Structure formats: C-alpha cells, structure tokens
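Below is one structure, written out as structure tokens; comments come after it.
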Amino acid sequence: MNRVGLHILLQSMLHPSSDEAHSIYRLFNQFNIAAFCMLGLVIVLTVYICVKYRARKGEDRTPAQFKGSKKMEALMIGVPALLLLYFFYRTIATMKAVEPNIQANAQPDVIITGHQFWWEVYYPQTGVMTANEVHLPVGKRLTMEMRSADVIHSWWMPELGNKMDLIPGRNNFITLNINQPATYAGTCSEFCGAQHAWMRLYVVAEDSVAYAGWLAANAQPVSTTVSDSLTAKGERIFQTATCGGCHRIQGTAAQGNEGPDLTHLFLRKRMLSGMLPLNEANLYKWINKPQAVKPGSYMPNFIFSKDTVEALVHYMAQLK
C-alpha cells in the first residue's frame, strides 16, 4: 500500500506529526486522563455504595443519614473547580502555541485558496502554482495564508494540527512545523456544496533538498517542443476550445484562473481533488463526461468527439 493510501486509512489527530499537532494532542490526552479518572471514581463509588448499603435479609431499618458535611461539600466543589481552572489555563496556553504570530507585511510561505471544489496552492516567493497537492519542507516553521474564492471552506489536516476556516473576504493564517516526511491526507471540513465530500487534499512533507527540487521543477514553464502530431493537435484544441479560459499552463497562452493550474499536471498523483488516481484513462473519462464523473462540479460537458478527447488527453499527459 502506498503512503497516501495508508494515511487515508489512518487519518487521525492521534498520530501528530507537527509541533502544533503535538500541542493539541497533549491537551487532548490530559482531558482524556481526567475524564477516565472521574469515570473510574464514579464507578467505584457506585459499586461500593450498592454493596455496602444493600438491603440484607431480615433488615428493615433505614441506613444512617448524613447531613451538612462541610468537608464533603468542599471536596465535591473544590476538586472540579481546580480541574476547570487547570484546563482553562492549558487551553489558553495551547491556543497561544498553535496560533500564528504574523508580523506586519510578512509574506506567507504558501497561500491556500479554496474553490468549489478544489484547492489552489500558490508559493509567492517562487511564483509556483499547483492544485490539491501541497508540498512542504520538514523542520521549518511555515506561515500559511488561507483564502476562499467563493463560499466558506475549512482546511482540516488532522495529523498536522488545528483546522482553519477559509472565509470569503477574510485572510486567515496558520503556522506549521512538520516533524516527519510523509504524505498526509486532509479534507474540507465545512460543507460547501454538492461535491464537498470530494474536496480532498494532500500534503507531501519532504526534506529540504527534495522540496527545493520540486519547487525548481514546478517553477519551469512547459516545454514548447511538440513531440508528435497528436500532441500538436491536443495543444491546438486546448487553446481554441476555451480550455485555456479556465485553466493556466505556464509558458502558453492559457492563463485562466477559474479551474486548477495544469502546468505540471502529470507530476501529481491524483486528480479531481483526490477522487481518482491521475492517469490517462481517468482523464479521458473526466474530459469526455465530467458531470457523470463528478456531478455538481463546474467543469462543463463538452460535446467532443473521441478523437478530440484522445488528443487532449495525450497533450495533457506531456505536462510534466
């Protein structure tokens, strides 16, 4: 099983992999310990009282009654009050630990923009733009800016810490320091429309060398060299059939921003926000009948011939 598949199965805040996630996990564990201790105390006292004060054969007296025990009242009020104060303090401390301290005019490392129903990923320092697959370095504190292009979305990557809403007209921020390289699965956790359930994303956390190599590769425009006639046909159709009005391919006339950036499409592992593995067969199905594959998405149903779809798929498979 590949790493992405593994994390889809184990996606959980119980596997913290960042400084922020560890802070939340420690608080979560302390809550659980306190809750289990109180549950155990209630169970023990219930059993003890049921056994000690049970009705015995031949007895008809009422058990001794106790009233006005100040020590017992102080204990029953004082211990819960101390627990509340402790967890109030720990919650505030954890919030401070995971909330970003953004300096004025500071440039974020990554800008995430939520769309119905996909994620735009932009690296302002290099100009790299991609979709649904976020590459981040391990061991570096990152500032991530969260935006929405339409409705409220919510970034939720359980293994990497706190979630954050993406709200139209408001830019929110999170900080992130990932501890271990892996591919982490996440999702939009705020209902945003028909395909909300398939608004998935992945974070590929890698060492600084691999991350720098990925950035350098994705900063390059696509090659203008046409390898064969089918590629040339597909490129021509892409530019003339309004595909370029919605999608951007760096180095070509296609500069649309309504749909995902396709510059290095076939360097990604999955398509349609994680819905399907990215390969030519699935891409053919998507271009041929998008509303049959992902109903409610904003990709229109084009009336393309089989040859036209094959040419488009062949051209897009060269986008690496």
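The values are calculated or read from the model by the stated rules, or taken from the named source; none is laboratory data. Predicted model, so just to flag it, every value in this text is computed and none were measured. Cβ coordinates were reconstructed from backbone atoms using ideal geometry, including for glycine residues, and neighbour counts include every protein chain displayed.
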State all residues of segment 243-256 that are touching a Pro at 6+ places or on another chain (Cβ under 9 Å) and free of Cβ contacts under 8 Å to residues at least 12 places away in the same chain; if no residue qualifies, say none. none
Being farther than 11 Å from Thr143 by Cα and loosely packed, with under 13 Cβ neighbours inside 10 Å is the filter here; which residues of segment 94-127 pass it? Lys96, Ala104, Asn105, Gln125, Thr126, Gly127
Segment 221-266: number of residues that are outside any helix (DSSP H, G or I) and more than 24 Å from Glu120 (Cβ to Cβ): 5
If we keep just the residues of segment 279-305 that are touching a residue at least 12 places away in the same chain (Cβ under 8 Å) and loosely packed, with under 12 Cβ neighbours inside 10 Å, which is nearest to Thr231 (Cα to Cα)? Asn301
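Which of the residues spanning segment 58-84 are of a type outside the set (A, V, I, L, M), loosely packed, with under 10 Cβ neighbours inside 10 Å and at pLDDT below 80?
Taking segment 58-84 first, the residues of a type outside the set (A, V, I, L, M) are 58-63, 65-71, 73, 78, 80.
Within this subset, residues satisfying the condition of being loosely packed, with under 10 Cβ neighbours inside 10 Å are 58-62, 65-68, 70-71.
The answer is Gly58, Glu59, Asp60, Arg61, Thr62, Gln65, Phe66, Lys67, Gly68.
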Yes or no: segment 222-240 includes at least one residue that is crowded, with 18+ Cβ neighbours inside 10 Å, touching a strand residue (DSSP E or B) at 6+ places or on another chain (Cβ under 7 Å) and either in the same structural domain as Gln125 (by TED's automatic domain parsing) or not small (Gly, Ala, Ser) (or both). no
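Step by step: first the residues of segment 87-118, then only those that are aromatic (Phe, Trp, Tyr) and under 25 Å from Ile152 (Cα atoms), then the one that is nearest to the chain's Cα centre (by Cα). Which residue is that? So that I can check it myself, show each step before the final result.
Of segment 87-118, the ones aromatic (Phe, Trp, Tyr) are 87-89, 117-118.
If we keep only those that are under 25 Å from Ile152 (Cα atoms) too, we end up with 117-118.
Details: Phe117: 13, Trp118: 11 Å.
Checked segment 87-118; the qualifying residue nearest to the chain's Cα centre (by Cα) is Trp118.
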Given the criteria closer than 19 Å to Thr113 by Cβ, polar (S, T, N, Q) and part of a loop (DSSP other than H, G, I, E, B), does Ser273 qualify? yes
